[in-house]
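K.L.:
Starting off with a structure, shown below.
None of the figures in this text is laboratory data; all of them are computed from the coordinates on show. Note that this is a predicted model, so its numbers are computed, not measured. Cβ placement follows ideal geometry from the backbone for every residue including glycine, while neighbour counts extend to all protein chains displayed.
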Amino acid sequence: MDKQPAYALRSYYVNFASHLLNSWNVNMTSPEAGGGWGPGEFGALFDMIKSFGFNCFEFWLEPTLYKSALAEDEVFTRFAATMEKVIDIAHDKGLMLKYILAPNTIGHEWYLACPNDPADRALILKLWRKWAAVMKGADIVGIFPGDPGGCNRNGCDHNTFLDLALELTEIVAQENPRAVVELGTWGTPFTGWGDDMLRMEGWDGYFASMLAYSEAQKRVHIWNGTPDRAKRSMADFIQRLPQFPGDMIVGINLGFSPDADCTMGGDARPFVREIAKSHPVASWDYSVAEGELVVHPHWRLPRIFSRRREEYAVAPYYGAMSYTMSPMLSHLCLYAAGQATIDPDRDPDLVSREFCRRVFGAENERLGELFEAFEVVPGWGHYPRRKWSAIEARKAYGEIIERLEGADMAGCDLPLFPSPERYRQSLLWFARLFHQLASPTPDRAAIRNDYYRECYRVYDKAPKAVDERPAMAADTFSRLFSV
Ligand SMILES: [Zn+2]
């Protein structure tokens, strides 16, 4: 008999935020731009993630939808109707469904409502209750501190967030009694609350004004929490833990930084051990399987497995989340991430070859090591095991192209979404672009345009992302191998 999976909760997280849309993500917020999914697409995705080893589908309840929810407009009505079916489909397939949200981030423009302002607080509570009712049947409701989110107006700090979280937990218990709450500590911890956010005199609570201010100050608007603040926040949190439900999951990484390292807010391991004595703990290691920013096929397998082993060495973790913003592309990394939550001790190179054997046939098992040459794009969570010269990378891309062109997808034994053939075509497209970039004289302007057009055409019609990152991603991609 197979041994028990290491993690009881194995979550596959698609972030379809309005700033992370691309041709391999789902667009649930701007119907006019296309690329939305109905219950059928979600169901097909669920078959795939189940075959990868996951048992939970997770998403961020996108703040753009809050305005729709308040207006009860067509976008909201369609979203609510789809999600009602999606919850049932997940359950029929034996999966849990989890949504997370920063309670105070409202609208496409990311207004950070202040819980110490009575009108804003009423708005937060109204929206929270509405979502809890709409998403009735969801198994896990994640109260997420921010990023984007948080507040330091009107005296708000981490304790304001904890007060609010207690109230939100109560609302979930009333509207969706079978759900379990996950309280996230994400950040340094509790991103955006109190001194983690820059202090801006007269701030109106809008993300854009904070971003402009932080750019002028040449500082990041969040992630300013020190280890000292982390210690105080966690002491307050642990002291108040008995006020929360006993089955509440606590989302906590091994370190208080965007990559769960011991930088910024410092080492989280002592707190993980302490919390694990009374509550199930789950990691929310956002960048380990895929980073935000540049969309491309990642290869982060060694780090995925080592991170899961590191967690297990600290405490008996109950859950782990694996993130993607390209659920129609990032199959290899997410397959590995699923396998790592079942058995963190597996050899990542063998898992990579196993995936390629299952998808492209035994004769193409070698793709499992060639795909490492895709992991050359600087960005969030980019800690490559090896460096690649342009010459060596170009050789690898050439062989990838040759093998993918000849691969027969009829024998693929994983239910890849939307199809094995689309996956092959997408990888080929990327491999050809990488191959050009690694040539002695690439036409970088043309590659940038090709990349933008192919990846981000959704923004021709969808409202521009609030942080303009697609343009930055195209720039970064087109500069690869330039030094
Ligand atoms: Zn406030």
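K.L.:
Read through the list (1) aliphatic (A, V, I, L, M); (2) in a loop (DSSP other than H, G, I, E, B); (3) surrounded by fewer than 19 Cβ atoms within 10 Å (Cβ to Cβ); (4) within 25 Å of the chain's Cα centre (by Cα), then give the number of the only condition that Val466 fails.
P.N.:
Of the numbered conditions (1) aliphatic (A, V, I, L, M); (2) in a loop (DSSP other than H, G, I, E, B); (3) surrounded by fewer than 19 Cβ atoms within 10 Å (Cβ to Cβ); (4) within 25 Å of the chain's Cα centre (by Cα), the odd one out for Val466 is (3).
K.L.:
Between residues in segment 387-402 that are of a type in the set (S, T, N, Q) and residues that are in a loop (DSSP other than H, G, I, E, B) and crowded, with 16+ Cβ neighbours inside 10 Å, which pairs lie under 9 Å by C-beta distance while being six or more apart or on different chains?
P.N.:
Final answer for the pair search is Ser389/Ala438; Ser389/Phe481.
K.L.:
Still on this structure: Please enumerate the residues belonging to segment 155-190 that are within 16 Å of the ligand (Cβ to nearest atom), of a type in the set (Gly, Ala, Ser) and surrounded by fewer than 18 Cβ atoms within 10 Å (Cβ to Cβ).
P.N.:
Listed by number, the list holds a single entry, Gly155.
K.L.:
Here are the criteria: (1) assigned to a loop (DSSP other than H, G, I, E, B); (2) crowded, with 21+ Cβ neighbours inside 10 Å; (3) hydrophobic (A, V, I, L, M, F, W, C); (4) touching a residue at least 60 places away in the same chain (Cβ under 8 Å). Tell me which single one Met28 does not satisfy.
P.N.:
Here Met28 meets the rest and fails (4).
K.L.:
If you don't mind, another one. Determine if segment 66-73 includes at least one residue that is touching a strand residue (DSSP E or B) at 6+ places or on another chain (Cβ under 6 Å), touching a residue at least 40 places away in the same chain (Cβ under 8 Å), of a type in the set (Phe, Trp, Tyr) and within 16 Å of the ligand (Cβ to nearest atom).
P.N.:
No, because not a single residue in segment 66-73 is touching a strand residue (DSSP E or B) at 6+ places or on another chain (Cβ under 6 Å), touching a residue at least 40 places away in the same chain (Cβ under 8 Å), of a type in the set (Phe, Trp, Tyr) and within 16 Å of the ligand (Cβ to nearest atom).
K.L.:
Every residue in segment 70-81 that is closer than 13 Å to Pro31 by Cα and either in a loop (DSSP other than H, G, I, E, B) or within 24 Å of the chain's Cα centre (by Cα) (or both), please.
P.N.:
Asp73, Val75, Phe76, Arg78, Phe79
K.L.:
Given the structure, is Asp120 within 11 Å of the ligand (Cβ to nearest atom) and buried (at least 19 other Cβ atoms within 10 Å of the Cβ)?
P.N.:
yes
K.L.:
Sort through Arg424, Arg403 and tell me the only one that's crowded, with 17+ Cβ neighbours inside 10 Å and over 19 Å from Pro327 (Cα atoms).
P.N.:
None of the other options fit; the residue is Arg403.
K.L.:
Could you tell me whether Glu363 is over 23 Å from Trp24 (Cβ atoms) and touching a Gly at 6+ places or on another chain (Cβ under 9 Å)?
P.N.:
Against the criterion (over 23 Å from Trp24 (Cβ atoms) and touching a Gly at 6+ places or on another chain (Cβ under 9 Å)), Glu363 qualifies.
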